[in-house]
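One structure follows; several queries about it will come next.
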Amino acid sequence: MTATLERPPVTPATRVPARGRLRRNDSAGPLTYVLLCVTAFVFLVPFYYMVVAASRPMAEMNRTPPPLTPGPDLWSNIAKAVESQDIGLALLNSTIVSGVVTASTVLLCTLAGFAFAKLRFRGRSALFAVALGTMMIPPSLGVVPLYALMANLGLAGELSSVILPSLVAAFGVFFMRQYLVQALPDELLDAARVDGATSLRTFVSIVLPIARPGMAVLAMLTFMTAWNDFFWPVITLNSTNPTVQVALNNLGSGYVPDTSVIMAGTLVGTLPVIVVFLLLGRQIVGGIIAGAVKG
Amino acid sequence: MPTVQRPVPGERTAPPGAGTPWRARLFRVEERSAPYAYVAPFFLLFAAFGLFPLVHTAWISLHSYRLGSEMEWLGLENYAWLLSNPAFYNALWKTFTIGVLSTVPQLALALGLAHLLHYRMRGRTFFRVSMIMPYATSVAAAALVFAQLFGRDAGAVNWLLGIVGVDAVDWRNGDWTAQLAISVIVIWRWTGYNALIYLAGMQSISQDLYEAAALDGASRWQQFRHVTLPGLRPTILFTVVVSTIGASQLFGEPLIFGGGKPDGGALGQYQTLGLFMYQQGWTYGSLGRAATVAWVTFLLIIVLVLVNTRIAKRRAT
Amino acid sequence: MTGRPTPRRTTTTALATAVAGTLLLAACGGGGSGNADDGTVELTVGLFGTFGYEEVGLFDRYEAENPGVTITYESTQGEDTYWPALQTRLASGSGVADVQGIEVARIADVVTNQADLWTDLRDTPAASAIGNYVEWKEPAATTADGAVLGLGTDIGPMGICYRTDLLGQAGLPTEPTALAARMQTWDDYVALGREYQAAAPAGSAWMDSAGGFYNAIVSTEQEIYYDASGALVHDSNPAVRAAFDTAAAAGQAGLTARLEQFVDPGWDAGFASGSFATIACPSWMIGYIKGKAGDAGAGLWNVTTLPGGAGGNWGGAYLGIPAASENVEEAAKLIAWLTAPEQQAEVFASVGNFPSTTAAIEMVGDATDPWFNDAPIGQIFSASSTNAPVQILGPQDGVIKSAMVQALLSVEANGVAPADAWTAALADVTNQVG
């Protein structure tokens, strides 16, 4: 390969005037802040209510009017949840499942999305239509045959039975295609070709950097979808080897499902995702900004 | 190896890096086969874990099949049963109304929200993370909370309505009120999700265009209409398709709003197709009928998406 | 043989397996935990909700008393997710536990349609336990050929739970015996309701829902939706229509709080807030009411018998052994021990599941509940279980009941005329069952 390929032939810096971006009248005005604060409030209220419910005895939430401030029982409710289900194992399992699914989905969908967006090959539109069509299959539809399949493979009850069907998603292929159609300039690809880059080389050194914001968003969405996936895991896994959602489904005790304990468990099951976003939020959000390279 | 019909951008010139003939040939082979290699993992995985269940479901839909019993050939009887069943048309209609009630505001709000979040501001990370919080919360928890909020006797919504002098509403048992409540849950859960997708799309719109527009004296609103919207076309198309599909498969929110029962209320006022299928298969154990519902839904979605895409395309141009 | 894959199905499954298998390459090694030949046995138990065994420590004790036996227990809280998952596994012939719980509403389906998927307990060490039960419990788990597919755990005898404070405010009797004396029939119960409604505090109804009321009435009947020959009689059985009309009339008269049971969060809240004063309650609802009303509700509630001291049943469960189990002998010994009278009495004392064996019922006969004003719940529920008819159950009971309850909700909440609701319910049933 020629030395020119060490870097993308056309660097973003030459296309986007670095300071030019700031010249747009793009700082938020007071109205923007007000609107966003209202939205954030609406988005967070149900979550706050969950904290309230998780921190009080179940019966108190049935008072009229219901309490609006957190109570003292958060830790004991969490303790009850952790005691009744193996939440630690569930968190570990969910991390494995969501991690593998996310890594695989993002990589495979970017590859396929790139091919559908920018490469010409025979049967492209037909194949893309088929890929889109797969999205329209109701997810709860194939569980019976799917379970038979997993049982035949000896995977029923194993984490791999949850991971395998989710390794790639039509949603992600479609998403990355739409993103790259818009974000990836044809001239960059042409230039790479002129330089004699193979398509794999082009993919690694040109497509991936430009696709990063899209990949970051896809990663977030995929991670959460996998984390919250419920219907199929409940069928294939059991409480001895659960994901978070399977464990939460088994929370509560007695003929009385204790809503407070369920809420506390849900909180514990949701917090890791939120912590990940708070920690990575800056990076992910930063990535979206930094990756905006199209000139 | 299929031949490339139309030239790849830039194919007019021979790649300079491929000096020798065998290199050139290799280059061309790589170039032609690469696209197939890129899309292959998707199709292979789909063939293994998606296609078989799908085809098998079509087969099941031609039978009377209860789990634990033998399949009995029925031909198209299940389809006749479905098409003459008023409950199916009710579910179809409810799926449509709840779909419109939830999808249209959701996408409009998401677009506006993404536009606001696109500005430079303090606390950006906080706003962006709070936006995605609803999606990070499991449907079960969200529906539990909303069921409380929309409670007839002690719900916060009725309490607020009471302040402005409106009588308590029986959200759950009313027809439109129940659909509205479910739409609110859906909107709450998915608006941030779509906003994030729009935001990613907005980041890839050239700043030069904004500058040019600004130089021409375009206001923020005009910039939004004439730069952002056209630039987002592929993304908007994407969200319309995905939301249409999502709406037609709506399941978790109404199921949990109905306390885990798929009846969709006394009059089936919020029984979506997803619930109807679930009820056939898992409450009544008629997998043959559930498979029939699934296949008919599948075909309907395809038609709907085609129509929708056409409309969205026409709108955008 | 039902339940086994047909040849065609096997071929397609095999084909898909092959595709998937090539993808997996050698990624997956063979797992599987068979039982060693050294006399040790690993038993798996899959249950839903709370049977109380884990809570009382019965599994640990069984392991201690039977060296070599280890028990793996897995539970699903909701029966509505438990059963579909179990059915999927049963159909595929793998992934089932050695012991599985069966809710009473499913037992008719098991007996009628899945006899070959479950072990006939007459051929196992559990055979001797079959005769220990209240007279109607085991017949429900017995096939036409006489095979017994499950051992009973608990039952759901019924009473009327009521708010003493609210009844007092409305000038009605608050003592269980005095109240029972005024309620000889369901019509008396409704008449008392009208009296209550006239003097009740604002926002309080006599009972929770028309559907719950209907369910209570039919739960005292022997023949409900099926006759002894197994034919559907839901549309011709006068008892069903009468129960429907009585409940619908109560709903129309405003005696119900219009709160759908187990669905509307307002129903849960109602146990604390007093939006309804009475509810027909099976034994297992005692714990539910306590949990929902909390400590603040202690002393507000009491329990009396169903009108006229009628017997009835709502709920309960069985333990069965899937035919696919490789440890039938040991599993049978375990379920016989778990459902023996001593253990049933212990579970009742700890989590409140009412026993189904006659010996255990005698043991708990003098139980009282301080939270319910020391109501003699042992005596009330024992009497109800003894007086309960031998109900004829059928595979579609759940479908029909759900249609009726839904129709009644439309009467009380949406103002549908009872006759129209009845017609709609029958049409629903026909569409599903007919």
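A short reminder: the numbers here are calculations on the coordinates, not readings from a lab. Note that the structure is a prediction, hence the values are computed from the model and not measured. Backbone-built Cβ (ideal geometry, glycine too); neighbour counts: all protein chains shown.
Post the alpha-carbon centroid distance, the stretch B:70-144 to the stretch C:320-350, in whole angstrom.
44
Near B:LYS94, within a Cβ-to-Cβ distance under 13 Å, what is the net charge of the other residues, with Lys and Arg +1 and Asp and Glu -1? Provide the component values of the computation, followed by the final result.
Working: positive: none; negative: B:ASP175, B:GLU253, B:ASP263.
Charge balance near B:LYS94 sits at -3.
Can I ask one more? What residue among C:THR386, C:THR40, C:THR70 shows peak mean-square fluctuation when chain C is described by a Gaussian network model with Cα springs under 10 Å?
Of C:THR386, C:THR40, C:THR70, the most mobile in the Gaussian network model is C:THR40.
Here's a follow-up. Using alpha-carbon positions, what is the distance between the centroids of the stretch B:163-225 and the stretch B:245-299, in Å?
Result: 28 Å between the Cα centres.
What is the calculated FRET efficiency for C:GLN379 to C:SER128, with r their C-beta to C-beta distance and R₀ = 30 Å, to the nearest 0.05? Could the numbers behind the result be given before it?
Details: r = 29 Å, r/R0 = 0.97.
Efficiency, rounded to the nearest 0.05: 0.55.
Give the calculated FRET efficiency between B:LEU160 and C:GLU223 to the nearest 0.05, with a Förster radius of 60 Å applied to their Cβ-Cβ distance.
Numbers: r = 50 Å, r/R0 = 0.84.
Calculated value: 0.75.
Separate question: What is the local net charge at A:SER76, summed over the other residues whose Cβ is closer than 15 Å to its Cβ (Lys, Arg +1; Asp, Glu -1)? Can you show the working numbers first?
Values: positive: A:ARG56, A:LYS80; negative: A:GLU60, A:ASP73, A:GLU83, A:ASP258, C:ASP295.
Local charge sum for A:SER76: -3.
Can you give the helix-only mean residue ellipticity at 222 nm for the protein assembly as shown, where every DSSP H stretch with n ≥ 4 adds -39500 (n - 2.57) and the sum goes over all residues, rounded to the nearest 500 deg cm²/dmol?
Computed mean residue ellipticity for the protein assembly as shown: -18000 deg cm²/dmol.
Would you mind working out the magnitude of the charge dipole of the stretch B:77-316 relative to its Cα centre, with +1 at each Lys and Arg C-beta and -1 at each Asp and Glu C-beta, to the nearest 20 Debye?
Working: 17 positive and 10 negative charges, 125 e Å.
For this selection, approximately 600 debye.
Based on alpha-carbon centroids, what's the gap between the stretch A:103-158 and the stretch C:254-277 in Å, whole number please?
Here the answer is 46 Å between Cα centres.
Between C:ALA178 and A:LEU208, what FRET efficiency comes out of the Förster formula 1/(1 + (r/R0)^6) with R0 = 60 Å and r the beta carbon distance, rounded to 0.05?
Working: r = 81 Å, r/R0 = 1.35.
The calculated FRET efficiency here is 0.15.
For chain C, modelled as a Gaussian network with Cα springs under 10 Å, which listed residue fluctuates most, C:VAL69, C:VAL328, C:VAL240?
C:VAL69
Per residue of B:120-126, how many C-beta atoms from partner chains lie within 10 Å of its own C-beta, taken as a mean?
Numbers: counts 7, 7, 3, 5, 7, 8, 5.
Mean shielding count: 6.
At C:ALA296 and C:ALA349, where each label point lies 7 Å from the Cα along Cα→Cβ, what is the point-to-point distance in nanometres?
Reported label-point gap for C:ALA296 and C:ALA349 is 3.3 nm.
Please give every one of the lysines within straight-line cross-link reach of C:LYS137, meaning a C-alpha to C-alpha distance under 19 Å, and leave out same-chain neighbours fewer than 8 residues apart.
Result set, ordered by chain and number: empty.
Right, next: Any idea what the relative contact order of chain B is, in percent, if you count C-alpha pairs under 8 Å spaced at least 6 apart? Please report the intermediate quantities before stating the final value.
On the way: 328 pairs, mean separation 77.7, N = 317.
25 percent.
Quick one: if you stick a label point 7 Å off each Cα along the C-beta vector at A:LEU107 and C:GLN197, how many nm between them?
6.8
With +1 on the Cβ of every Lys and Arg and -1 on the Cβ of every Asp and Glu, and nothing else charged, how large is the dipole of the protein assembly as shown about its Cα centre, in debye rounded to the nearest 20? Before the final figure, lay out the partial values.
Working: 60 positive and 77 negative charges, 1538 e Å.
Charge dipole, the protein assembly as shown, about its Cα centre: 7380 debye, nearest 20.
Where both residues lie in chain C, what percent of DSSP beta bridges are antiparallel, nearest 5?
Numbers: 24 of 37 bridges.
If I count the DSSP bridges inside chain C, around 65 percent turn out antiparallel.
Another one. How would you order B:303-313, B:266-276 from highest to lowest mean count of nearby Cβ atoms within 10 Å? Walk me through the numbers before you get to the answer.
Details: B:303-313: 14.0, B:266-276: 26.1.
Taking the mean over residues of other Cβ atoms within 10 Å, the ranking is B:266-276, B:303-313.
Tally Lys and Arg at +1 and Asp and Glu at -1 over the other residues with C-beta under 13 Å from the C-beta of A:LEU127: what net charge comes out? Intermediate results must be reported in sequence, preceding the final value.
On the way: positive: A:ARG120, A:ARG122, A:ARG124, A:ARG177; negative: none.
Net charge in that neighbourhood comes out at +4.
I would also like to ask the following. What distance in nm separates the simple spin-label points at A:TRP75 and C:ASP145, each placed 7 Å from Cα in the Cβ direction?
For the pair A:TRP75/C:ASP145, the computed spacing is 6.0 nm.
PRE reach from A:ARG63 (point 7 Å along Cα→Cβ): which of the stretch C:268-310 fall under 18 Å by backbone N?
C:268-275, C:291-300
Determine the shielding of peptide C:291-300 by partner chains: average, over its residues, the number of Cβ atoms on other chains within 10 angstrom of each Cβ.
On the way: counts 12, 7, 3, 8, 3, 5, 2, 0, 0, 0.
That average works out to 4.
Considering only DSSP beta bridges whose two residues both sit in the protein assembly as shown, what percent are antiparallel, to the nearest 5?
Details: 28 of 42 bridges.
Bridges in the protein assembly as shown that DSSP calls antiparallel: roughly 65 percent.
What percent does the relative contact order of chain C come to when contacts are Cα pairs within less than 8 Å and at least six residues apart?
24
Suppose every Lys and Arg Cβ carries +1 and every Asp and Glu Cβ carries -1, with no other charges. What dipole size does the stretch C:194-283 come out with about its Cα centre, to the nearest 20 debye?
The calculated dipole for the stretch C:194-283 is roughly 260 debye.
Springs between alpha-carbon pairs under 10 angstrom, Gaussian network model over chain B: which of B:GLY264, B:GLY281, B:GLY123 fluctuates most?
Of B:GLY264, B:GLY281, B:GLY123, the most mobile in the Gaussian network model is B:GLY123.
Further, regarding this structure: Relative contact order, percent, of the stretch B:59-128 when contacts are C-alpha pairs under 8 Å separated by at least 6 residues? Intermediate results must be reported in sequence, preceding the final value.
Values: 25 pairs, mean separation 10.8, N = 70.
Worked out over the stretch B:59-128, it gives 15 percent.
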